[in-house]
Amino acid sequence: MSKHAITLIVNGDEYTLNVPANRTLLEALREDVGLTDAKYGCGTGECGACTVLVDGTRAINACLTLAVAMDGKEITTAAGLAMDGVLHPVQQAFADKAAVQCGYCTPGMVLKTISLLAQNANPTEQEIRKGLEGNICRCTGYAKIVDAVQQAARTMNAETPARRAAGGNA
């Protein structure tokens, strides 16, 4: 199978990769770039463990997305959120509210939350539950996750515009 040269900007670093046409973004991130925070769960886009952000705020399932389709795109994984040792407000809220247990779904949940809050800065509980559909947690139950999203929304809404523009890490 022929390979295609692509460039991905992953967590701020540029990677030039030669990938087969059928290689998923998840495979490229894990096997070619060496980032393992995006997880392989179901392989069918049902669980959300592979969620990453494209161009800052659009959440996608990396297991369903071909790497070649992401050529030139900016990809953010959970590993790219903390800045200078300071967690992103969503990561901090998940820790504060104990919205993690085994941690397998956490990177995808955090990224999906960032995408949700970029679209709706003050979601209701129902909007949070709807916005997180497609990301499955088998351990915590969703009450703590909803609490974490609500805390993150409050924190991010209270931030200065400069801090918000820096993704909550300025």
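Just so you know, all these numbers are worked out from the coordinates, no wet-lab data involved. This one's a predicted model, so the numbers in the text were calculated from it and none came from an experiment. Positions of Cβ are generated from backbone atoms using ideal geometry, with glycine treated the same way; all protein chains shown enter the neighbour counts.
In whole percent, what relative contact order does the chain give with Cα contacts below 8 Å and a gap of six or more residues? Please report the intermediate quantities before stating the final value.
Values: 302 pairs, mean separation 37.7, N = 170.
Relative contact order for the chain comes out at 22 percent.
Run the helix sum for the chain: -39,500 (n - 2.57) per DSSP H stretch of 4+ residues, divided by residue count, reported at 222 nm to the nearest 500 deg cm²/dmol. If you can, show how the numbers build up before the last one.
Numbers: 5 runs with 50 residues, N = 170.
The helix-only estimate for the chain comes to -8500 deg cm²/dmol at 222 nm.
Give the span of the stretch 89-165's Cα atoms along each principal axis, as three whole-Å numbers ordered largest to smallest.
36, 22, 16
Kirkwood Rh, the stretch 2-101, all Cα pairs: how many Å? Intermediate results must be reported in sequence, preceding the final value.
Details: mean 1/r = 0.0712 Å⁻¹.
Every distinct Cα pair counted, the radius reaches 14.0 Å.
Hey, got the dipole for the chain? About the Cα centre, +1 on K and R Cβ, -1 on D and E Cβ, debye to the nearest 20? Working shown, then result.
Values: 15 positive and 17 negative charges, 70 e Å.
That gives the chain a dipole magnitude of about 340 debye.
With labels modelled as points extended 7 Å from the Cα through the Cβ direction, what inter-label distance (nm, one decimal) is found for R58 paired with D96?
3.1 nm
When you have a sec, figure out the Kirkwood radius of the chain from all distinct Cα pair distances and drop it here in Å to one decimal? Intermediate values should be presented prior to the final figure.
Numbers: mean 1/r = 0.0618 Å⁻¹.
About 16.2 Å for the chain.
Excluding same-chain pairs closer than 8 in sequence, count the lysine pairs in the chain whose Cα atoms lie under 23 Å apart.
13
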